[in-house]
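The values are calculated or read from the model by the stated rules, or taken from the named source; none is laboratory data. Quick caveat, the model's predicted, so the values are computed rather than measured. Because the Cβ atoms are built from the backbone with ideal geometry, glycine has one as well, and the counts that use them run over all protein chains shown. Each accessible area value is taken on the protein alone, full model and side chains, heavy atoms only, with ligands, DNA and RNA left out. Shrake-Rupley method; radii C 1.70, N 1.55, O 1.52, S 1.80 Å.
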Amino acid sequence: MSDGRPLRLLGLHGYRQSERRFRQRTGALRKALRGCAELVAISAPHPVPGGGGEDDDVDDPPRGWWFSGPGTFEAGEAAAAPAGLEESLSAVAAALKEHGPFDGLLGFSQGAALAAMVCALRARGDPRFPVAFAILVAGFASRAPAHRHFYQEPIALPTLHVVGDADAVIAASLSKELAQHFVEPVVLCHPGGHFVPSAAPQKKAYLDFLDRFRPAQG
């Protein structure tokens, strides 16, 4: 590992999470990346209606990046009228501009699906998203016909796809299918479920991938 500045990653949480929840659930990952990369997360712009979860906080409601139905989301649903994506793309663009510079993205679950869409726009030259790579954990491709354009051509941005073999929320097959939309994706499988893994084998894979983007020294 070189001795340059740490990379900066913009973190995009999963559905029904928030910046605070994501930060709590990625403590081990941030420790694993210490000295190599800094993870800075943002909250999605849309509160999820209803709440009612065991750790719900009236001051920190669960949030989502877009909805497949009125106030609901299912990853496998081919939503006829998905809502909220443009606001989320604008929120990511604003975070990159206001809190940047960032080197790459790290998305989890619905946040990984959103990050993949950002990668597609970046690969087409969209100046709002100046990122060089993405780490997509438990990602998937949106089934909504309105989102189909994101996947119509191979996405030429370096990506690491982290796939949980026992993921009961986003099936491993969906994450592997998303990887196929990218040019030369790196795919990392782990035996666990729906979480961001940070055990020794995954830590090594993260560091090996991120080392490709560290500033050159001397």
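Of the residues making up the range 47-80, not one is modelled with pLDDT of 90 or more, part of a strand (DSSP E or B) and acidic (Asp, Glu).
Does Ala41 count as at pLDDT 95 or above, surrounded by 13 or more Cβ atoms within 10 Å (Cβ to Cβ), outside any loop (DSSP other than H, G, I, E, B) and touching a helix residue (DSSP H, G or I) at 6+ places or on another chain (Cβ under 7 Å)?
Answer is yes for this residue.
Close contacts from the range 117-128, counting a first residue that is over 21 Å from Pro145 (Cα atoms) and a second that is open to solvent by 10 Å² or more (accessible area, probe 1.4 Å) and part of a loop (DSSP other than H, G, I, E, B), with Cβ to Cβ under 8 Å and a gap of 6+ residues or different chains, come to none at all.
Give the residue that is surrounded by the most Cβ atoms within 10 Å (Cβ to Cβ), with candidates limited to residues of the range 1-16 that are out of contact with any Phe, Trp or Tyr (no Cβ under 8 Å at 6 or more places or on another chain) and not charged (D, E, K, R). By that ranking, first place goes to Pro6. Taking the criterion of being under 20 Å from Val169 (Cα atoms) and open to solvent by 50 Å² or more (accessible area, probe 1.4 Å), the residues of the range 24-37 that qualify are Gln24, Arg25. Screening Pro82 against (1) free of Cβ contacts under 8 Å to residues at least 24 places away in the same chain; (2) in contact with a strand residue (DSSP E or B) (Cβ under 9 Å, 6 or more places away or on another chain) leaves a single unmet condition, (1). Could you please find all residues in the range 172-206 being in a loop (DSSP other than H, G, I, E, B) and open to solvent by 40 Å² or more (accessible area, probe 1.4 Å)? Listed by number, the residues that qualify are Gln180, His181, Val183, Glu184, Pro185, Pro191, His194, Phe195, Ala199.
The set of residues from the range 207-218 being closer than 17 Å to Leu105 by Cα, out of contact with any Pro (no Cβ under 8 Å at 6 or more places or on another chain) and open to solvent by 70 Å² or more (accessible area, probe 1.4 Å) comprises just one member, Asp208. With respect to the numbered conditions (1) of a type in the set (Lys, Arg); (2) open to solvent by 40 Å² or more (accessible area, probe 1.4 Å); (3) touching a residue at least 12 places away in the same chain (Cβ under 8 Å), which one is the sole condition not fulfilled by Arg21? Single failed check for Arg21: (2).
A single member of Gln202, Gln152, Gln110 is among the polar types (S, T, N, Q), more than 20 Å from Glu38 (Cα to Cα) and over 15 Å from the mean Cα position of the chain (by Cα), and it is Gln152.
Whenever a residue of the range 164-186 is more than 14 Å from Ala75 (Cα to Cα), its partners that are surrounded by fewer than 19 Cβ atoms within 10 Å (Cβ to Cβ) and of a type in the set (D, E, K, R), lying with C-beta atoms within less than 9 angstrom and at least six residues away or across chains, give the pairs His181/Glu153; Val186/Asp208. In the range 103-126, the residue that is surrounded by the fewest Cβ atoms within 10 Å (Cβ to Cβ) out of those that are touching a helix residue (DSSP H, G or I) at 6+ places or on another chain (Cβ under 9 Å) and not hydrophobic (A, V, I, L, M, F, W, C) is Asp126.
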